[in-house]
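What follows is a short report on a single structure.
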Amino acid sequence: MMKYIVCIGLFLIMLGVSFGQYEIFSNSGEKIETLEALVDRLSKNDVVFFGEIHNDIIAHGLEFEILSRLSSRWEKTALLLEMFEADGQRSLNSFLEGKISEDEFKQSVSLWGNYNTDYRVMVEFAKLKKIPVIAGNIPRRLAKLVSSDGISAWDKLSNTEKQYLPRETFFKNDRYRELFEMTMKDNPMMKRMPDVSMDNLYHAQCVKDEKMAESIVDFLKKNSDCKVFVVNGSFHSDYHLGTVQKLKLRMPELKIVTISAIPVDDISGINPKEYSEKADFIIFTQKNSSESY
């Protein structure tokens, strides 16, 4: 184990991954003293969701560390990243298999602006350890069609485009919608676009969840002995809603556990029980060192 941890530490240094101050709690308010103790609990599950704020650098470092430790516990591991779109799966596979260079890979897929600093390390680790990476999200252009023109806009798509759509969609008027509308009301975009349809925006959010859930299901049906580590924006998995809810609808037998990383101004002043509903485990990260919003 010590040799393994040293190797991982060198890998982190090589790729420029850094850590900052954080504390971990269970949803009962119990403090989890070490990352290894957290991973011990996570490893007993089939799917682990890590919900992040996308520019929290502490969370990104922890995602890599949890992935590396889970891969040493699980017999077979897969990684799903919200940041990869389904139409990039072939290029992603080719890169992981060494068939194309990193530059060719980057030119052939839609990458987030912070890929190099925040997500590349996990992909490089997966390549090194031969861990499958699932490009689980719906292509952004297809979700954008829904937000602007409604779900019926998909009817006009070609068969080539339709292969990247979720096969089923469930638009529930439940707590998820309530939370989504509360979030969108505070979004400056809504003031710039007063005529935008809340129905369309909510449906566009849901189709991302549907596609990610379906991507996990499709992978597990072909690889039933594999466990999956999922990295997504926390809204997609908080309260066991979003992608988690969609996954449970499709495969209720799965053991699923969730993490929500929450940047805070002062960790010492946090009452973890106030966040107990958000996830099975809460990781509070210090804002001044995570540069989160």
- Message: For region 251-288, give me each residue that is without any contact (Cβ under 8 Å) to a residue 40 or more places away in the chain and closer than 25 Å to Cys226 by Cα.
- Response: Met251, Pro252, Glu253
- Query: Before we move on, is Asp225 in contact with a Lys or Arg (Cβ under 8 Å, 6 or more places away or on another chain) and either surrounded by 12 or more Cβ atoms within 10 Å (Cβ to Cβ) or among the charged types (D, E, K, R) (or both)?
  - Reply: yes
- Message: Can you list residue pairs whose Cβ atoms sit under 7 Å apart, with the first residue in region 118-147 being over 17 Å from Glu161 (Cα atoms) and the second being of a type in the set (Ser, Thr, Tyr) and assigned to a helix (DSSP H, G or I)? Count only pairs 6 or more apart in sequence or on different chains.
- Response: Phe125/Ser68; Lys129/Ser71; Ile131/Ser71; Ile134/Ser215
- Message: Please go through region 117-154 and give me each residue that is in a helix (DSSP H, G or I) and of a type in the set (Lys, Arg), ordered by number.
- Response: Arg120, Lys127, Lys129, Arg140, Arg141, Lys144
- Scanning region 43-64 for residues that are surrounded by fewer than 21 Cβ atoms within 10 Å (Cβ to Cβ) and under 27 Å from Ile267 (Cα atoms) gives Ser43, Ile53, His54, Asn55, Ile57, Gly61
- Note on the structure: For region 173-219, the count of residues that are more than 17 Å from Leu145 (Cα to Cα), among the basic types (Lys, Arg) and touching a residue at least 60 places away in the same chain (Cβ under 8 Å) equals 1
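Between Ile282, Ile262, which is surrounded by 18 or more Cβ atoms within 10 Å (Cβ to Cβ) and more than 22 Å from Trp112 (Cα to Cα)?
That would be Ile282, the only listed residue that is surrounded by 18 or more Cβ atoms within 10 Å (Cβ to Cβ) and more than 22 Å from Trp112 (Cα to Cα).
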- Note on the structure: Residues in region 231-274 that are in a helix (DSSP H, G or I) and either touching a His at 6+ places or on another chain (Cβ under 7 Å) or at pLDDT below 95 (or both) total 7
- Would you check which residues across region 107-154 are charged (D, E, K, R) and surrounded by 15 or more Cβ atoms within 10 Å (Cβ to Cβ) and list them? Asp118, Arg120, Glu124, Lys127
- Message: Of the conditions (1) assigned to a helix (DSSP H, G or I); (2) modelled with pLDDT of 95 or more, Ile282 satisfies every one except a single condition; which number is it?
- Response: (1)
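The values are calculated or read from the model by the stated rules, or taken from the named source; none is laboratory data. These numbers come from a predicted model, not from an experiment. No Cβ is skipped: glycine too gets one built from the backbone with ideal geometry, and neighbour counts run over all protein chains shown.
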